[in-house]
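Input: a single structure, listed below in structure tokens.
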């Protein structure tokens, strides 16, 4: 019984980014300035470690994302959608100073 509950919990945690993704990024039909769709299958995530430096976000301690690359995020989180080569396709984030 405990093993089943653990497996169900793991599935819920793994599905969470996809659920948020399906709720608004995918349904919003967002595109980047180059015209690419922001999302595909499982390519958007909300990083766990995000800090700010006044000009943008520092993601996971090493990746700098300028504020002007971002589209406003309705849920107030930073979301990054990546291409298969891991480069950024789209970024969503809260307005600076919020």
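Quick notes on this one:
- Per-pair calculated FRET efficiency, R0 = 22 Å: residue 34 and residue 86 via Cβ, rounded to 0.05: 0.85
- Taking 7 Å steps out from each Cα toward its Cβ at residue 67 and residue 52 produces label points 0.7 nm apart.
FYI, it's all coordinate maths here, none of it is from the lab. This one's a predicted model, so the numbers in the text were calculated from it and none came from an experiment. All Cβ positions, even for glycine, are placed from backbone atoms using ideal geometry, and neighbour counts span all protein chains on display.
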